[in-house]
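Just below is one structure, and these are the notes that go with it.
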Amino acid sequence: MTINTDNLLESILASLDRVDYIRAEEIPDIDLYMDQVTSLMEERLKSSARYGDTDKILTKTMINNYAKNDLLPPPVKKKYSREHILLLVFIYYFKGVLSMGDIQKLLQPLTEKYFHNEDGGRTLEEIYETVFSMESDRAQEVKEDVKAAYERAGNLFADAEDEEAEMLRNFAFICILSFDVYMKKLMIEKIIDGLPDQRQPKKKDKKQGDKNE
């Protein structure tokens, strides 16, 4: 996500327009091997990366860690289904804000109830599409918030001149945006803390358990 500092606000707003997500219909109907999963994620989500040429959206190590930490059900015969990929997209967005433990607590009820649901009820794909259908409207609301924050930051140091004014405006702008993120993160954590915790405690390593006794 490249930002042009010479025209900061317009560049930020334009970058928000380039942010996209993987639509369910874009995921192949066949199960994918890990290399195919990482390639799909890289291709469709690269526009949201900070350093598009070097940042990795998803790696084999990340996928293995997600499975190891119970964020992702294990693959079947080393292949990942459409629902695996839907969960990986959720994890991708959550991990920039939440801890792995919080993500696990948030996703586990969905995984247990809707992953490979064969009861004919609501599906994980339906939930995914419903949530992401808000993307366009919410992106527009965020853009309006960003414009208001930028204008407010510019008015805070009206007596400053030239380079000082730009430096202080950018600093204030970042502070306002960061405060928004901080407050929203606190709210998310409070909601997650109030969710039932269905996670099972991991079994102690026998050697470690003997050592502690």
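The values are calculated or read from the model by the stated rules, or taken from the named source; none is laboratory data. Computed from a prediction, not measured in an experiment: that's the story for all the values here. Ideal geometry is used to build each Cβ from the backbone, glycine not excepted, and the neighbour counts take in all protein chains shown. In case anyone asks, the SASA skips ligands and DNA or RNA and just uses the protein heavy atoms, side chains included. Shrake-Rupley method; radii C 1.70, N 1.55, O 1.52, S 1.80 Å.
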Radius of gyration, Dmax [segment 7-74; alpha carbons; angstrom]: 14.6, 46
Span-rule helices in the chain, defined as complete DSSP H runs reaching 30 Å or more along the axis (Cα) with Kyte mean at least 0.0: 162-193
Cross-link pairs Lys147/Lys185; Lys95/Lys184; Lys46/Lys77; Lys56/Lys79 - those with Cα-Cα distance over 25 Å: Lys46/Lys77
Kirkwood-based Rg to Rh ratio, the chain, C-alpha trace: 1.04
Unit charges on C-beta of K, R, D, E only; dipole of segment 37-127, Debye: 320 debye
Dmax and Rg, reported as Rg then Dmax, of segment 133-192 (C-alpha, Å): 14.5, 45
Cβ-derived FRET efficiency at R0 30 Å, Asp119 paired with Lys95, nearest 0.05: 0.50
Accessible area per residue in Å² at 1.4 Å probe, computed on segment 7-104: 53 Å²
GNM result for the chain, Cα springs below 10 Å: residue of Phe173, Phe94, Phe157 fluctuating most strongly: Phe157
Percent accessible area from carbon and sulfur atoms, the chain, protein chains only, probe 1.4 Å: 53 percent
Per-selection metrics, segment 79-177 (Cα): Rg and Dmax in Å: 20.6, 66
Contact order relative to length of the chain, as percent, for alpha carbon pairs under 8 angstrom and 6 or more apart: 19 percent
Set of aspartates and glutamates near Lys78 by C-alpha distance (under 15 Å), chain-local residues within fewer than 8 positions excluded: Asp31, Asp35
